[in-house]
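See structure below.
The values are calculated or read from the model by the stated rules, or taken from the named source; none is laboratory data. In this text the structure is predicted, and so the values were computed from the model without any measurement. Note that we place each Cβ from the backbone using ideal geometry, even for glycine, and neighbour counts take in every protein chain shown. Surface areas here come from the heavy atoms of the whole protein model, side chains and all, with no ligands, DNA or RNA. Shrake-Rupley method; radii C 1.70, N 1.55, O 1.52, S 1.80 Å.
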Amino acid sequence: MAEHETHVVDVLVIGAGGAGLRAAIEAHERGARTAVVCKSLLGKAHTVMAEGGVAAALRNVWPEDSWQVHFRDTMRGGKLLNNWRMAQLHAQEAPDRVLELEAWGALFDRTPDGRILQRDFGGHRYARLAHVGDRTGLEMIRTLQQRAVGLGIEVYMECKIVRLLRDASGAVNGAVGFYRESGSFVVFGAKAVVLASGGVGKAWKFTSNSWESTGDGHALALWAGADLIDMECVQFHPTGMVWPPSARGILVTEGVRGDGGVLRNRDGDRFMFNYIPDFYAKETADTIEEADQWYDNKKDFRRPPELLPRDEVARSINAEVKAGRGSPHGGVFLDIASRRSPEYIKRRLPSMYHQFKELADVDITAEPMEVGPTCHYIMGGVRVEADTEATTVPGLYAAGEVAGGMHGANRLGGNSLSDLLVFGRRAGLAAAEHALGTGEVALDLAQADEVIAEALAPFGRERGENPYAVHHDLQETMQDLVGIIRTESELLEADEKLDELEQRAGVVSVEGHRQFNPGWHLALDLQSMLAVARCTTRAATARKESRGGHTRDDYPNPDPELAKLNMVTRLDPSGAVTVAPEPLPEMPEELKALFDEEH
């Protein structure tokens, strides 16, 4: 039997971002013994990168706002591929979750009369993002972390989960991981497991994601027998840094555009007026004068085209660059310096001011930023039941970016943070109820020993593949062949390259000992990234249309029939990734009516 420590809890939460901490708080308060495992240090979650705000129809700036309008905006932004029930619950419950966060100590910017201030973001009809400058995610994590620690919830930091454990019935009942610092293994027994592990961006070359985002949760669910949906829907945020190379991909918040920033090509033209889709034409300004009037008084619904949903803006930037009208370093210019005072910019966008000053030697109060699309978020993920976040495997739940369905084919900015709160809470509640109604955990330690032996295999190989070389080639493959614009031939080529990369990853070798060995860590992360890359590539091949974050150059238009289908990814009995189209849940008539012309 392999040496390891063992802990048994009622609910194990994998991930300590907004969704994971909110799930853990809820499960604890429902009476379940709860533990949180995080791959990095507590507080260093990708939630921190969500800077602009948390979307909720609080109606503090626009009394006309409502959950119905927020729901409709979310569904339209997702090109109607969303799980309607998730979008409904999100819109209805987000205000309460924000006010709850405030009651727990979160600080928000304020209106003159003391209410929570809300800012504009792309795709939202009204200003509805509650924010703290451009550091909203940091404030959310600070608040949730303080509450979780105050409640005494157990936290296991710098611990990577390698595999989930299952009992004889197939239900999830634990997990195997290791501590990155020491290399020692740990086995968790749990009556319920909540996946809240975030995204997949490190499989791409240019990404806003930090090193932790290697698709661990998606892969853990897939290997445990769960379904994934719409893995082809990957969001390339339109504004990431493009210069210097060391900073390429780092996020530039949509709050810059929400506060007045505009996009220009190398000739100084506001090119977004040339890319307004028919879908949004009635509510998008089509002249500069009209757009600027909106920025000045915000009394008209015809918003600037810079505030179109992210997929539309990213494709427009990509088109300008391909047409030879890009900035010197392969992006476009984002200009707020000519439109807002230095004092305003430093007050509203302090992080952006510091980021560009320190990383690019650019003063955004005096000159434009160079920006371009960067891999940012995956809308697809683990298939969950809308009300409980239960996956298709008993005992396993998922919330946040790792879960699919809520955002459809494209996520609106600001919806991620409210998603974490709404569905983190619901996942924690359902997991606790399941755990408290389940008997004692019977761990299969032989199963755990097999996982540990497999994880240690790279140490036993000599002159095998270098994990860094495999990762480099994987990122190149995904960036070049499964990037912002896709074609059938390139996707098929990517699938063949993934065969080769999987073989190489299967014989990686690492040197040294287990104590904080980054090469070993990457060797294990490669397994997750390759699984996610395979699912994304095959789902993208199957969806022969362009919809939201999935753009096919050979199928440039949306297909109304494919709008009714999720691309469901799962493993067949041989362990191969398969993709099957399956119908979306049918939306009730009263919600369909919200999309009628008179609304």
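Numbers at a glance
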{"quantity": "From the options 104, 62, residue that is touching a Leu at 6+ places or on another chain (Cβ under 8 Å) and touching a residue at least 40 places away in the same chain (Cβ under 8 Å)", "calculated": "104"}
{"quantity": "Pairs with Cβ under 9 Å, 6+ apart, first in segment 548-577 and of a type in the set (Phe, Trp, Tyr), second modelled with pLDDT of 95 or more and in a strand (DSSP E or B)", "calculated": "none"}
{"quantity": "Residue under evaluation residue 351, criteria (1) buried (at least 20 other Cβ atoms within 10 Å of the Cβ); (2) within 23 Å of the chain's Cα centre (by Cα), criterion not met", "calculated": "(1)"}
{"quantity": "In segment 219-263, residue modelled with the lowest pLDDT [restricted to those that are among the β-branched types (Val, Ile, Thr), over 16 Å from residue 204 (Cβ atoms) and assigned to a loop (DSSP other than H, G, I, E, B)]", "calculated": "253"}
{"quantity": "Among residues of segment 563-581, those that are within 28 Å of residue 67 (Cβ to Cβ) and open to solvent by less than 70 Å² (accessible area, probe 1.4 Å), counted", "calculated": "3"}
{"quantity": "Residues (part of a loop (DSSP other than H, G, I, E, B) and open to solvent by 50 Å² or more (accessible area, probe 1.4 Å)) located in segment 105-157", "calculated": "107, 112, 113, 115, 125, 135, 151, 152, 157"}
{"quantity": "Enumeration of residues in segment 195-207 that are open to solvent by 10 Å² or more (accessible area, probe 1.4 Å), assigned to a loop (DSSP other than H, G, I, E, B) and closer than 25 Å to residue 332 by Cβ", "calculated": "205, 206"}
{"quantity": "Residues within segment 14-56 that are within 30 Å of residue 596 (Cβ to Cβ) and either touching a Cys at 6+ places or on another chain (Cβ under 6 Å) or surrounded by fewer than 24 Cβ atoms within 10 Å (Cβ to Cβ) (or both), tallied", "calculated": "0"}
{"quantity": "Residues of segment 77-103 satisfying the condition of being surrounded by fewer than 21 Cβ atoms within 10 Å (Cβ to Cβ) and either modelled with pLDDT under 95 or of a type in the set (Gly, Ala, Ser) (or both)", "calculated": "103"}
{"quantity": "Verdict on residue 479 being part of a helix (DSSP H, G or I), within 24 Å of residue 404 (Cβ to Cβ) and open to solvent by 40 Å² or more (accessible area, probe 1.4 Å)", "calculated": "yes"}
{"quantity": "Looking only at segment 397-449, and only at residues there that are surrounded by 24 or more Cβ atoms within 10 Å (Cβ to Cβ) and of a type in the set (D, E, K, R), the one that is nearest to residue 311 (Cα to Cα)", "calculated": "411"}
{"quantity": "Yes/no for residue 48 being touching a residue at least 40 places away in the same chain (Cβ under 8 Å), in a helix (DSSP H, G or I) and more than 26 Å from residue 435 (Cα to Cα)", "calculated": "yes"}
